[in-house]
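Colleague: One structure coming up, written as structure tokens, with questions to follow.
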Amino acid sequence: MRRILFAAAAALLLAAGCSTEPSAPPAPPADAVPAADALPAADAEHNAADVMFLQMMIMHNGQGLELTGLAADRTVSEEVRLLAAAIDTTQREEVKIMQSWLGGWKEPTTASKDMTTHASHGGLPATGPEQIEALRNTSDANFEATFLNLLTGHQNSAVELTNLATDGVNPQTGDLAERIKESRADQVAQMLRLIGG
Amino acid sequence: MRKVFVYPLVIAGTAAAGLVATGSPASAHGYVSAPPSRQALCASRAVADCGQIQFEPQSVEGPKGLRSCDGGVSQFAILNDNSRAWPARTVGSSVTFTWVFTARHRTSNWEYFVGNTRVAVVDGGNQQPDAVVSHQVDLSRFPGRRTVLAIWNIGDTANAFYSCVDLNVGGSSAPSTPAPPPVRPTTPPPSSAPPPPANASGTWATNTAYKIGEEVTFQGKRYRCRQSHTSLSGWEPSIFTLALWLPV
């Protein structure tokens with residue numbers, strides 16, 4: 001049963017256009033340090049759930065990087081600046097890791113935008129081009145509050161996405177998903193304290 | 001068995017996104033972030049031991065028309081538990097409520113209740129919400145300790161999202177300008193970043209402000225910080241966080 005469903009899911013994924021062009025994340029902020037040379041390796045064993053989670057997470061991290069990239073150029077408190085920079089750096093590193101695993105498995109590294117929308121259960125996702133544009137156009141006075149609200153929703157959504165990995169079989173993917181769940185939930189906690197005062 | 005169907009459901013969204021939206025009660029998607037709602041207080045860990053809601057404050061979804069803090073979701077019943085002594089935010093008589101979204105459903109309207117009295121309603125125009133949604137609500141008729149129930153009524157499903165916000169209304173008069181997104185208080189929130197431990201080069205710990213060059217011990221190994229940050233769980237030194245910590 002399970003095997004058949006995964007096979008069907010994989011086939012539909014391909015039909016849905018998984019190999020759309022990756023959206024290039026914005027350039028790293030000037031004070032970012034270069035990522036480490038060595039990327040952690042993943043076991044060969046994997047299934048459709050591992051692949052879907054990694055594809056979705058790469059896209060989700062990419063959208064988050066657009067938000068943090070905007071924060072790098074604006075006036076925000078030191079605490080928010082550091083949080084945004086650390087999220088930027090870690091998510092950029094995660095993208096490299098996840099792409100390298102998918103590449104090693106000969107799987108596409110991108111999910112279609114349609115898939116992202118559908119994963120939000122029919123609603124538009126938290127962060128799309130309109131929200132990123134709105135943040136870009138937000139006045140300095142309102143930037144920090146808008147940024148924190150958008151990124152909070154975005155990271156809430158990342159915690160949800162980690163549920164996709166529950167049925168995966170690749171141990172490194174499972175480990176990464178758990179760390180993503182924890183780190184995003186903790187980032188949300190930090191940001192809600194900043195938003196709510 | 002339940003989880004096996006997660007993927008087909010997501011796939012089914014290709015053809016029937018609307019069905020997925022109405023058929024999936026645990027699906028996300030919005031809550032009041034400021035003043036902090038009960039689920040926001042759980043997610044920020046200001047209130048401890050909340051259970052699953054701390055990981056999905058956006059998921060308090062139930063049929064329209066409820067007047068409960070938990071949206072009728074039994075696993076979130078803690079949100080109805082007034083014995084938890086939810087901290088009440090002191091506010092003026094006019095309060096700006098701000099929402100966080102994880103999915104931007106078409107919106108019928110937003111409603112705000114104190115008890116059974118609807119104190120405000122804001123038309124959503126059956127449109128997707130803006131990047132950030134804030135509403136200014138006049139609570140001058142309701143001074144003192146109050147629980148405001150904020151409701152996001154979805155336009156294209158039978159459901160709504162519920163947030164209870166505990167307030168102490170009537171500290172000072174609020175500005176009458178149209179609702180801007182709230183700005184950060186001028187004083188830093190006390191709970192956001194506990195001071196670093198006296199021994200900053202000791203064992204790695206969460207909620208600690210680490211600076212570039214600082215060293216920590218984690219599971220018997222030494223690491224040097226290469227990106228200043230406040231630590232959190234999931235960001236401990238590992239092969240996944242080499243951007244933050246390099247082995248020494």
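The values are calculated or read from the model by the stated rules, or taken from the named source; none is laboratory data. Owing to the predicted nature of the structure, the values given are computational and were not obtained by experimental measurement. Positions of Cβ are backbone-derived with ideal geometry, glycine not excepted, and every protein chain shown enters the neighbour counts. To get the accessible areas, we keep the full protein, side chains included, count just its heavy atoms, and leave off ligands, DNA and RNA. Shrake-Rupley method; radii C 1.70, N 1.55, O 1.52, S 1.80 Å.
Colleague: Kindly establish whether B:Gln136 is closer than 22 Å to A:His154 by Cα, open to solvent by 50 Å² or more (accessible area, probe 1.4 Å) and touching a residue at least 12 places away in the same chain (Cβ under 8 Å).
Modeller: When the stated conditions are applied, B:Gln136 does not pass them.
Colleague: Got a number for residues in the stretch B:221-237 being at the interface with chain A (Cβ under 7 Å from one of its Cβ atoms), assigned to a loop (DSSP other than H, G, I, E, B) and in contact with a strand residue (DSSP E or B) (Cβ under 9 Å, 6 or more places away or on another chain)?
Modeller: Summing the residues that are at the interface with chain A (Cβ under 7 Å from one of its Cβ atoms), assigned to a loop (DSSP other than H, G, I, E, B) and in contact with a strand residue (DSSP E or B) (Cβ under 9 Å, 6 or more places away or on another chain) in the stretch B:221-237 gives 4.
Colleague: In the stretch B:64-110, how many are in a strand (DSSP E or B), modelled with pLDDT of 95 or more and either among the hydrophobic types (A, V, I, L, M, F, W, C) or within 18 Å of B:Ala34 (Cβ to Cβ) (or both)?
Modeller: Adding up the residues that qualify gives 11.
Here is a yes/no grid of residues against (1) modelled with pLDDT of 95 or more; (2) of a type in the set (S, T, N, Q); (3) open to solvent by 80 Å² or more (accessible area, probe 1.4 Å); (4) not in a loop (DSSP other than H, G, I, E, B):
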position: A:Cys18; (1), (2), (3), (4): no, no, no, no
position: A:Glu21; (1), (2), (3), (4): no, no, yes, no
position: A:Ala24; (1), (2), (3), (4): no, no, yes, no
position: A:Pro29; (1), (2), (3), (4): no, no, no, no
position: A:Ala35; (1), (2), (3), (4): no, no, no, no
position: A:Pro40; (1), (2), (3), (4): no, no, no, no
position: A:His46; (1), (2), (3), (4): yes, no, no, no
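Colleague: Further question on the same structure: Out of all the residues in the stretch A:144-183, which are of a type in the set (Ser, Thr, Tyr), surrounded by 23 or more Cβ atoms within 10 Å (Cβ to Cβ) and more than 7 Å from chain B (Cβ to nearest Cβ)?
Modeller: Within the stretch A:144-183, A:Thr173 is the sole residue that qualifies.
Colleague: Additional query: Go over the candidates A:Leu82, A:Leu65, A:Leu54 one by one and state the one that is open to solvent by less than 10 Å² (accessible area, probe 1.4 Å) and in contact with a Ser or Thr (Cβ under 7 Å, 6 or more places away or on another chain).
Modeller: Unique residue meeting the criteria: A:Leu54.
Colleague: Something else: How about the stretch B:45-66: which of its residues are under 11 Å from the mean Cα position of the chain (by Cα), open to solvent by 50 Å² or more (accessible area, probe 1.4 Å) and over 22 Å from B:Leu232 (Cβ atoms)?
Modeller: Once the filter is applied, which keeps residues that are under 11 Å from the mean Cα position of the chain (by Cα), open to solvent by 50 Å² or more (accessible area, probe 1.4 Å) and over 22 Å from B:Leu232 (Cβ atoms), the stretch B:45-66 yields nothing.
Colleague: Let me spell it out: the conditions are (1) free of Cβ contacts under 8 Å to residues at least 12 places away in the same chain; (2) farther than 21 Å from B:Trp235 by Cβ, and A:Glu182 meets all of them except one. Which number is the exception?
Modeller: The single condition A:Glu182 does not satisfy is (2).
Colleague: So B:Leu167 fits all but one of (1) more than 15 Å from B:Ala34 (Cα to Cα); (2) in a strand (DSSP E or B); what number is the exception?
Modeller: All conditions are met except number (1).
Colleague: Do the conditions hold for A:Met115, that is, is it more than 23 Å from B:Asp156 (Cβ to Cβ) and either under 18 Å from the mean Cα position of the chain (by Cα) or modelled with pLDDT under 95 (or both)?
Modeller: No; evaluated as a whole, the condition is false for this residue.
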